[in-house]
1. Of the residues His196, His155, which is open to solvent by 30 Å² or more (accessible area, probe 1.4 Å), within 16 Å of the chain's Cα centre (by Cα) and on the phi < 0 side of the Ramachandran plot?
2. Of all residues in the range 158-193, which are modelled with pLDDT of 95 or more, within 23 Å of Ser36 (Cβ to Cβ) and open to solvent by less than 90 Å² (accessible area, probe 1.4 Å)?
3. Hey, does the range 93-106 have a residue that's in a loop (DSSP other than H, G, I, E, B), of a type in the set (A, V, I, L, M, F, W, C), open to solvent by less than 40 Å² (accessible area, probe 1.4 Å) and more than 21 Å from Arg42 (Cα to Cα)?
4. Assess whether Lys119 counts as being touching a residue at least 40 places away in the same chain (Cβ under 8 Å), under 20 Å from Gln202 (Cβ atoms) and open to solvent by 10 Å² or more (accessible area, probe 1.4 Å).
5. Cβ-Cβ under 9 Å, sequence separation 6+ or interchain: first residue in the range 132-152 and farther than 13 Å from Thr207 by Cα, partner β-branched (Val, Ile, Thr) and assigned to a strand (DSSP E or B). Which pairs?
Amino acid sequence: MWAKKLGSQLGRPTRSVGGWLVSKLFKTRNQVLEESAVQLCRIQPGDTVLELGHGPGLGLESAAKLLTGPTGHMIGVDYSEYMHQMTKERVKEFLESGKVTLHLCDVAAMPLEDNSVDKVFHCNCYYFWPDLRKAASEIHRVMKPGGLIVTTLRHSHVAVLAAKQVMPGENWRPEAYMAALRDSGFTDIRMEDIQHRNITFQAIYATALS
């Protein structure tokens, strides 16, 4: 029972004690992964960038600061009302200036135009998508041809949670996610081990085809 409850809060934090604890966990455990995902995207000042499952907004805020060009725009999506509200407070000035737009929605149904996004990143996110193929197809739809998506995770930690049945089904496996990307029109899909601040983590890269 506890595993299912933890998995539910990790996937979709609510305004509760459990959700609050998870938000603290995101801020401490995900910071390196978030910052690294932003760096690995090679964001340019005029890019349109999308973060999937932005959580408390650490990576989103970091990426927004790089979008210094007049066309630079940051978009964040999350289907947790609690995380949505938390991030609205964190990036309030960016929202008011129009540099950042947030959407409370499912990754598999985003209110974004076709071929409108240059770069996409997310951290510890895809395991909670009920239908990897549907989500990957939606991501591909909104990306410009040649656009880069970067995913960061600590595979060893995820595997431990999966063994305890915190992660639902088999979607947590990188192979399942990479297969969904491939089937949805992405190419140059690869996973690399990266070391940063004495932490080893994995980054999955893919490029959107036309």
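The values are calculated or read from the model by the stated rules, or taken from the named source; none is laboratory data. In this text, all values refer to a predicted model and were calculated from it rather than measured experimentally. Glycine gets a Cβ as well: all are built from the backbone with ideal geometry, and neighbour counts include every protein chain shown. For accessibility, only protein heavy atoms count, side chains too; no ligands or nucleic acids. Shrake-Rupley method; radii C 1.70, N 1.55, O 1.52, S 1.80 Å.
1. Details: His196 fails: within 16 Å of the chain's Cα centre (by Cα).
Sole residue among the options that is open to solvent by 30 Å² or more (accessible area, probe 1.4 Å), within 16 Å of the chain's Cα centre (by Cα) and on the phi < 0 side of the Ramachandran plot: His155.
2. Correct list: Pro174, Ala176, Tyr177, Met178, Ala180, Leu181, Phe186, Thr187, Ile189, Met191, Glu192.
3. In the first step, residues of the range 93-106 are kept if they are in a loop (DSSP other than H, G, I, E, B); the result is 98-99, 105-106.
Now drop any that are not of a type in the set (A, V, I, L, M, F, W, C), which leaves 105.
Those still in the list that are open to solvent by less than 40 Å² (accessible area, probe 1.4 Å) too: 105.
Within this subset, residues satisfying the condition of being more than 21 Å from Arg42 (Cα to Cα) are 105.
Yes, the range 93-106 has at least one match.
4. Details: touching a residue at least 40 places away in the same chain (Cβ under 8 Å): yes; under 20 Å from Gln202 (Cβ atoms): yes; open to solvent by 10 Å² or more (accessible area, probe 1.4 Å): yes.
When the stated conditions are applied, Lys119 passes them.
5. Thr152/Ile194; Thr152/Ile204
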